[in-house]
1. Looking at the stretch 77-96, which of the residues that are small (G, A, S) and part of a helix (DSSP H, G or I) is nearest to A16 (Cα to Cα)?
2. Please go through the stretch 12-36 and give me each residue that is over 18 Å from F96 (Cβ atoms) and either more than 13 Å from the chain's Cα centre (by Cα) or modelled with pLDDT under 95 (or both), ordered by number.
3. When you scan the stretch 1-76 for helices (runs of 4 or more DSSP H) that lie fully inside it, which ones turn up with 3 or more residues that are open to solvent by less than 30 Å² (accessible area, probe 1.4 Å)?
4. Tell me the residue from A99, A134, A150, A113 that is surrounded by fewer than 14 Cβ atoms within 10 Å (Cβ to Cβ), out of contact with any Pro (no Cβ under 9 Å at 6 or more places or on another chain), part of a helix (DSSP H, G or I) and not β-branched (V, I, T), please.
5. Among the numbered criteria (1) surrounded by 16 or more Cβ atoms within 10 Å (Cβ to Cβ); (2) of a type in the set (V, I, T); (3) over 15 Å from the mean Cα position of the chain (by Cα), which one does I122 miss?
6. Take the conditions touching a residue at least 60 places away in the same chain (Cβ under 8 Å) and under 24 Å from R141 (Cβ atoms) and apply them to G94. Does it pass?
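The values are calculated or read from the model by the stated rules, or taken from the named source; none is laboratory data. It should be emphasised that the depicted structure is a prediction, and the values quoted were computed from it without experimental measurement. Every residue, glycine among them, receives a Cβ derived from its backbone with ideal geometry; neighbour counts consider all protein chains shown. Note: accessible area is taken over every heavy atom of the protein model, side chains too, but ligands, DNA and RNA are not part of it. Shrake-Rupley method; radii C 1.70, N 1.55, O 1.52, S 1.80 Å.
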Amino acid sequence: MGVLAALLFAGQVALAAIPNVEIVSLLVILYTLALGRKVFLVIYTFVLLEGVFYGFGLWWINYLYVWAVLALAVLPFRKKDSALFFAVLSGFFGLFFGALCALPYGLAGGPAAAFAYWISGIPFDLVHCGGNFAVCLAFYRPLKFVIEKAFTNWE
C-alpha cells in the first residue's frame with residue numbers, strides 16, 4: 001500500500017510542471033478497480049505525503065475528500081473494463097475538481113468566496129478535464145495490465 005501511495009505521489013510530482021495534467025486520477029481509478037475499499041488506505045497515505053511535503057494549508061483539506069469522491073464513483077463499476085468509460089469518468093472528475101475544491105473556501109470565506117474560487121478556476125478545470133480524459137484513454141490498458149500482473153505476483 002505504501003508503494004502504491006508513493007507511486008501516486010511520484011506521478012503527481014513528475015507531471016507538476018504541466019498545469020492540471022496528472023496521472024493521479026487514473027491511478028486512483030485503477031487502484032480502486034484492483035483493491036476495492038482498501039484503496040482508501042492508499043489514498044490517505046498519499047494525502048498525508050502531500051501535506052508533509054507541501055504543507056497543510058487550506059488546499060490540503062480538499063485532498064481529504066476529492067480523491068475519496070473519485071474512488072466512491074468508481075467502486076460501483078468494478079466489474080466494468082472499458083477505457084472509454086473510465087476516461088469519460090476521469091474527464092468529468094477533472095471538470096468538477098474545482099467545484100469540489102471550492103467547499104473549504106466556502107466554509108472559510110462564505111458562499112461568495114467558494115463561487116469566486118470555482119469560477120476563477122474554470123479554465124484550469126477544462127484543461128484538467130481534457131488531460132484526464134486523454135491520459136486515461138491512452139494509459140488505462142497498459143497500466144491496468146501492469147497493476148494486475150503486480151497484484152498477481154504479490155499473492
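1. The residue in question is G94.
2. The first filter runs over the stretch 12-36 and keeps only residues over 18 Å from F96 (Cβ atoms), leaving 12-18, 23, 27, 30-31, 33-36.
Q12, V13, A14, L15, A16, A17, I18, L33, A34, L35, G36, listed by residue number.
3. On the way: elements: 2-14, 24-35, 39-54, 58-63, 66-74.
Passing ranges, in order: 2-14, 24-35, 39-54, 66-74.
4. Numbers: A99 fails: surrounded by fewer than 14 Cβ atoms within 10 Å (Cβ to Cβ); A134 fails: surrounded by fewer than 14 Cβ atoms within 10 Å (Cβ to Cβ); A113 fails: surrounded by fewer than 14 Cβ atoms within 10 Å (Cβ to Cβ).
So the residue among A99, A134, A150, A113 that is surrounded by fewer than 14 Cβ atoms within 10 Å (Cβ to Cβ), out of contact with any Pro (no Cβ under 9 Å at 6 or more places or on another chain), part of a helix (DSSP H, G or I) and not β-branched (V, I, T) is A150.
5. Of (1) surrounded by 16 or more Cβ atoms within 10 Å (Cβ to Cβ); (2) of a type in the set (V, I, T); (3) over 15 Å from the mean Cα position of the chain (by Cα), only one is false for I122: (1).
6. Working: touching a residue at least 60 places away in the same chain (Cβ under 8 Å): yes; under 24 Å from R141 (Cβ atoms): yes.
Yes: the conditions hold for G94.
Yes/no per residue for (1) closer than 20 Å to L8 by Cα; (2) at pLDDT below 95:
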residue: N62; (1), (2): yes, yes
residue: F86; (1), (2): yes, no
residue: Y105; (1), (2): no, yes
residue: G109; (1), (2): no, yes
residue: A112; (1), (2): no, no
residue: K144; (1), (2): yes, no
residue: I147; (1), (2): yes, yes
residue: F151; (1), (2): yes, yes
residue: W154; (1), (2): yes, yes
